[in-house]
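Bear in mind that the values in this text are calculations on the coordinates, not laboratory data. A quick note: this is a predicted structure, and the numbers were derived from the prediction, not measured. Positions of Cβ are backbone-derived with ideal geometry, glycine not excepted, and every protein chain shown enters the neighbour counts.
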Amino acid sequence: MAGSQSASTEFDIDGSRMVISNWFSSNYQYIDFPQDAVQEFTLTTTAPPAQIGRTGGVMSFEIKSGTNRFHGSGFEYFRNDGLDANGFFLNASAPGCNSSGQHVSSGATQACRTGLQQKEFGGTFDGPILKNKLFFFGWYDGFRLLQAAASNLITVPDAQIRQGNFAAWLAPTANCPNCGVIYDPNTTAADGSGSYTRTAFTGNVIPTTRFDAVANNILRIFPLPSTAA
């Protein structure tokens, strides 16, 4: 805002600071109220008053208040893979689906689409509690997102690594004769010349008895590789 850094915007609601600059890098997803709940907002970029003069810019929101009459509003923002265009890189990939968009092993005619179902919905409601004296105003903002997993290539521990066997990692070269060697940290010893040495695990295999219990439980969560290395 106003040429300032991206993490220097501040958000205020009814005079109270909601997000201090650089805490959340001015992430607008922390504004958790719908547009229908806003009475007015102002942008302060230059010559701010003292109470908000510590940032590059300030977005100030005033939330609606109830009245002597009941009012309400509703909204929905909707997206799905039937309405949205397919991504450029997905269209550029090899065909994997038929004309109905179903995955097929043969006879594919088009690139597959990424599944998407996104809904943001809600509403506001306000009215009197005591006429001319006490009012209420509230809102609901719901968000639902069902999206296909990203087609990223991620490395996970294979069966050998799960047993502590890193023999396949050994890749000695003339310039790096110890590349891939895993050393036992419990064997650290001074070499008498101001440095330290360690003994490599035999066969580059870490005994399973040396596995940390917590790490071992986390390891079970990882799936096995679906493709060869």
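Listing for the model above:
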quantity	calculated
Gain upon complete extension [residue 121, residue 108; 0.36 nm per residue less C-alpha separation]	1.0 nm
Karplus-derived 3J(HN,Hα), 6.51/-1.76/1.60, for each residue of segment 58-66, Hz, glycine and proline x	9, 9, 10, 10, 10, 7, 4, 10, x
Using alpha carbons only: equivalent-ellipsoid semi-axes of the chain, gyration tensor based, whole Å	54, 32, 19
Relative compactness, segment 71-147, computed as alpha-carbon Rg over 2.2 N^0.38 Å	1.90
40, 120 arranged by Cβ crowding within 10 Å, fewest neighbours leading	40, 120
Segment 74-116: Rg to Rh, with Rh as the Kirkwood radius over Cα pairs	1.11
Gain upon complete extension [residue 80, residue 144; 0.36 nm per residue less C-alpha separation]	21.9 nm
Cα-only radius of gyration and Dmax that characterise segment 107-173, units Å	27.5, 85
In order through segment 163-168: 3J(HN,Hα) via Karplus (6.51 cos²θ - 1.76 cosθ + 1.60), integer Hz, x for Gly, Pro	9, x, 8, 10, 4, 5
Calculated from backbone phi, Karplus (6.51, -1.76, 1.60) coupling profile of segment 174-188 in Hz, x at Gly/Pro	4, 8, 9, x, 10, 4, x, 6, 9, 9, 7, x, 7, 9, 4
